Amino acid sequence: MLLDKYLTQNGIDKNLLCNKLNLSNSSYRNLNNKNLDKWRIEDFNLISKVVGKDRIEVIKDLEKLQSSLLDPSLNSFNLGKYNIENRRYIGNKSKLIDWITDLIEKNTEGKVFFDVFGGTGIVTKSVLDNYEKFIINDFLYSNYIIYNAFFSNESFSIDKLKETEYRFNNLSNYAYEDNYFYENYADKFFSRLDAKKIGYIRNIINNDQNFNKKERDILLASLLYSMDKVANTVGHYDAYRKNNNIKDRFIFSLINPLKTFDKEISIFREDANKLVKRIKADIAFIDPPYNSRQYSRFYHVLENVTKWDKPKLSGVAMKPPVENISEYSKVKAPYIFDDLINNLDARYIVVTYNNTYTSKSNSSKNKITHEQIINTLNKVGTTRIFEKPYKFFNAGKSVLQEHKEYVFITKVDKNARTKI
């Protein structure tokens, strides 16, 4: 990663370097993964020759770059409390991310990374130093705003955001009026006072014309993260805990946007099967929903706050009218996945999968089997399979034995695709 980043900064292609120095791919990977204290003088001399700089200057550049990679705070704006991974989300890959990104790095190559079902955004964040261009997509409104807040490289005022954070947290409790959020979610997902605060803050973000788009997205994403931290739920919003004494715990804290000024970032909220017909990438990362749980229903509170069109809510969990339903959570999911892969223009396809289709819980059972994924991927290229034992998210009914997480990496053969 260190050498990759350094070459990118100096406008040098990895393949050109390897050819010029007669360096094998395995030797390059070994050097790329080494800490600087393991480099030899000969290694520095080789890089110095290619970039056209003095060896001492190269060493100083690499030391500075390594420090930024070892300290993530140097790659983000240290505004507040929340990094992109600091949220509760089913299917979250945070505990598997090192394994997944290591497989991607060792088994693919290219400059354009397409995160087809972005989810929390943790995968894109973890490979941000490895590529020049990123496309990230998800069908949830809340995730779309979160991506804009963390990844987009539009300008914003740090002072304005910090002043707003202070203002949100230092009003008298008597300043908070009854509002839509309070009327629907108080004494359910949040305490009465916390619900008033959240609705009040959401109205300000919506109505204050002093914020530009990036600032508004950062404030809204910060509200979503701050809400999620204290919500009276089990990790999603399909139900709330029965609690007659919900404590006031809400504190508005800012997120830490990522520094992406040297990257080309494209963010979408679209049907993935339609979007792939317009996108070309080197690596496409795919982690779709596999079971019958609809993310738009699981995270309806966050979705409602994000959209803020204030629909009439119903049911015990106070859900809005049904919309934004994923076809990947229905019985025809294998055909939808097949259509996605057949229309995807990428050199490598990386798919993550867990074997929950053996679960006793109907809602946890996968709509696409292991074999169906392999069959679809093998239509467009050669697929390698990697597996790792993993403890699956359990909401109380699912009993999974010998659960594993899989990563399928397909090297696409365009000739194979034309035969479909």
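The values are calculated or read from the model by the stated rules, or taken from the named source; none is laboratory data. Owing to the predicted nature of the structure, the values given are computational and were not obtained by experimental measurement. Neighbour counts are summed over all protein chains in view; Cβ atoms, including those assigned to glycine, are modelled from backbone coordinates with ideal geometry. Heads up: the accessible areas ignore ligands, DNA and RNA and are worked out on the full protein's heavy atoms, side chains in. Shrake-Rupley method; radii C 1.70, N 1.55, O 1.52, S 1.80 Å.
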Could you list all residues from region 174-184 that are more than 26 Å from residue 138 (Cα to Cα) and open to solvent by less than 80 Å² (accessible area, probe 1.4 Å)? 175, 176, 179, 180, 182, 184
Would you call residue 92 modelled with pLDDT under 85 and part of a loop (DSSP other than H, G, I, E, B)? yes
Among the residues in region 232-239, are any of a type outside the set (Phe, Trp, Tyr), crowded, with 19+ Cβ neighbours inside 10 Å, in contact (Cβ under 8 Å) with a residue 40 or more places away in the chain and within 14 Å of residue 196 (Cα to Cα)? no
Among the numbered criteria (1) open to solvent by 30 Å² or more (accessible area, probe 1.4 Å); (2) closer than 18 Å to residue 5 by Cβ; (3) touching a residue at least 40 places away in the same chain (Cβ under 8 Å), which single criterion is violated by residue 77? (2)
Got at least one residue in region 283-291 being surrounded by fewer than 22 Cβ atoms within 10 Å (Cβ to Cβ) and either in contact with a Cys (Cβ under 8 Å, 6 or more places away or on another chain) or part of a helix (DSSP H, G or I) (or both)? no
Among the residues of region 376-413 satisfying the criterion of being in contact with a Pro (Cβ under 9 Å, 6 or more places away or on another chain) and at pLDDT 65 or above, which is surrounded by the most Cβ atoms within 10 Å (Cβ to Cβ)? 376
For region 299-310, does any single residue satisfy the condition of being surrounded by fewer than 19 Cβ atoms within 10 Å (Cβ to Cβ), more than 15 Å from residue 369 (Cβ to Cβ), modelled with pLDDT of 80 or more and in contact with a His (Cβ under 7 Å, 6 or more places away or on another chain)? no
I'm told residue 194 meets every condition in (1) in a loop (DSSP other than H, G, I, E, B); (2) of a type outside the set (A, V, I, L, M); (3) surrounded by 15 or more Cβ atoms within 10 Å (Cβ to Cβ) except one. Can you identify the failing condition by its number? (1)
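Quick grid of which residues meet (1) of a type in the set (Phe, Trp, Tyr); (2) at pLDDT below 80; (3) more than 19 Å from the chain's Cα centre (by Cα):
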site: 21; (1), (2), (3): no, yes, yes
site: 42; (1), (2), (3): no, no, yes
site: 47; (1), (2), (3): no, no, yes
site: 65; (1), (2), (3): no, yes, yes
site: 70; (1), (2), (3): no, yes, yes
site: 82; (1), (2), (3): yes, no, no
One residue from 204, 279, 283, 255 being touching a helix residue (DSSP H, G or I) at 6+ places or on another chain (Cβ under 9 Å) and under 24 Å from residue 100 (Cα atoms): 283
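Answer yes or no as to whether residue 296 is modelled with pLDDT under 85, under 21 Å from residue 145 (Cα atoms) and not in a loop (DSSP other than H, G, I, E, B). Give the steps one after another, and end with the answer.
Numbers: modelled with pLDDT under 85: yes; under 21 Å from residue 145 (Cα atoms): yes; not in a loop (DSSP other than H, G, I, E, B): yes.
It is true that residue 296 is modelled with pLDDT under 85, under 21 Å from residue 145 (Cα atoms) and not in a loop (DSSP other than H, G, I, E, B).
From the list 226, 222, 253, 266, pick out the single residue that is closer than 14 Å to residue 149 by Cβ, outside any helix (DSSP H, G or I) and either free of Cβ contacts under 8 Å to residues at least 40 places away in the same chain or open to solvent by less than 80 Å² (accessible area, probe 1.4 Å) (or both). Full working, then the answer.
Numbers: 226 fails: outside any helix (DSSP H, G or I); 222 fails: outside any helix (DSSP H, G or I); 266 fails: closer than 14 Å to residue 149 by Cβ.
The match here is 253.
For region 357-375, which positions are modelled with pLDDT of 80 or more and open to solvent by less than 80 Å² (accessible area, probe 1.4 Å)? Don't jump to the end; show me each part of the working.
So in region 357-375, the residues modelled with pLDDT of 80 or more come out as 368-375.
Hits for region 357-375 are 368, 369, 370, 372, 373, 374.
Counting only residues that are hydrophobic (A, V, I, L, M, F, W, C) and surrounded by fewer than 17 Cβ atoms within 10 Å (Cβ to Cβ), how many does region 129-172 have? Spell out how you get there, then give the answer.
Residues of region 129-172 that are hydrophobic (A, V, I, L, M, F, W, C), as a first pass: 134-136, 139-140, 145-146, 149-151, 156, 158, 161, 168, 171.
Going one step further and asking which of them are surrounded by fewer than 17 Cβ atoms within 10 Å (Cβ to Cβ), we end up with 158, 171.
Number satisfying all stated conditions: 2.
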Just need a number here: residues in region 107-133 that are in contact (Cβ under 8 Å) with a residue 60 or more places away in the chain and either within 23 Å of residue 381 (Cα to Cα) or in a loop (DSSP other than H, G, I, E, B) (or both). 17
Give 256, 232, 304, 245 a once-over and let me know the one that is under 27 Å from residue 130 (Cα atoms) and polar (S, T, N, Q). 256
Could you please let me know if residue 206 is assigned to a loop (DSSP other than H, G, I, E, B) and of a type outside the set (D, E, K, R)? no
